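*Asks:* Just dropping this structure here.
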Amino acid sequence: MHFNQFDKPGSLLKVKTREDKLPAKEIAALALQHMADDATLLDRFMGLTGLGADDLREASNQPEFLVAVLDFFLGHEPNLLEFAEARNIDPESVAEARSILCSDEAQYD
């Protein structure tokens, strides 16, 4: 049997099970916190959305707002990669979280 470097115990690649993944709302909350910690990102997001600080607080629990936060990162790869690295998450999980939140949003309609 042939093993490549990723099949060996302790290899660089760790396959995560579904249970290991962060819930979609938690990823969105991490993205919002990351944005709040960076004035430049926060200013750009507020400029793009037209939201003010009070609006952000009110909207933070709404699924469509959380989708917008994830869209903000997904729309600019350097910010996405920096966020994912800073929060130690797989960048692909951001897109997965967005998809889940979009389906959750549809249930509210």
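*Asks:* What does the charge count near H34 come to, summing +1 for each Lys or Arg and -1 for each Asp or Glu among other residues with Cβ under 10 Å from its Cβ?
*Replies:* My count for the surroundings of H34 gives -2.
*Asks:* Assuming a ≥ b ≥ c are the square roots of the Cα gyration tensor eigenvalues, decide whether the range 20-108 counts as rounded (a/c under 1.5), prolate (otherwise, with a/b larger than b/c) or oblate.
*Replies:* Judged from the Cα gyration tensor, the range 20-108 comes out oblate (a/c at least 1.5, b/c at or above a/b).
*Asks:* Calculate one ³J(HN,Hα) per residue across the range 24-38 by plugging θ = phi - 60° into the Karplus curve 6.51 cos²θ - 1.76 cosθ + 1.60, and present them in order as whole Hz with x for glycine and proline.
*Replies:* 4, 5, 5, 5, 5, 5, 5, 5, 5, 5, 4, 5, 5, 7, 10
*Asks:* Arrange the peptides 36-44, 76-84 so that the one whose residues have, on average, the most other Cβ atoms within 10 Å appears first.
*Replies:* Top to bottom by mean Cβ count within 10 Å: 76-84, 36-44.
*Asks:* Taking R0 as 25 Å, what's the FRET efficiency between E92 and M46 from their Cβ-Cβ distance, rounded to 0.05?
*Replies:* Calculated value: 0.40.
*Asks:* Can I ask one more? Label-point separation (nm) for S99 and E82, each offset 7 Å from Cα along Cα-to-Cβ?
*Replies:* Result for the modelled spin labels: 2.7 nm.
Here, each number is a calculation from the coordinates, and none is a lab measurement. In this text, all values refer to a predicted model and were calculated from it rather than measured experimentally. Glycine also receives a Cβ, built like all others from the backbone with ideal geometry; neighbour counts cover every protein chain displayed.
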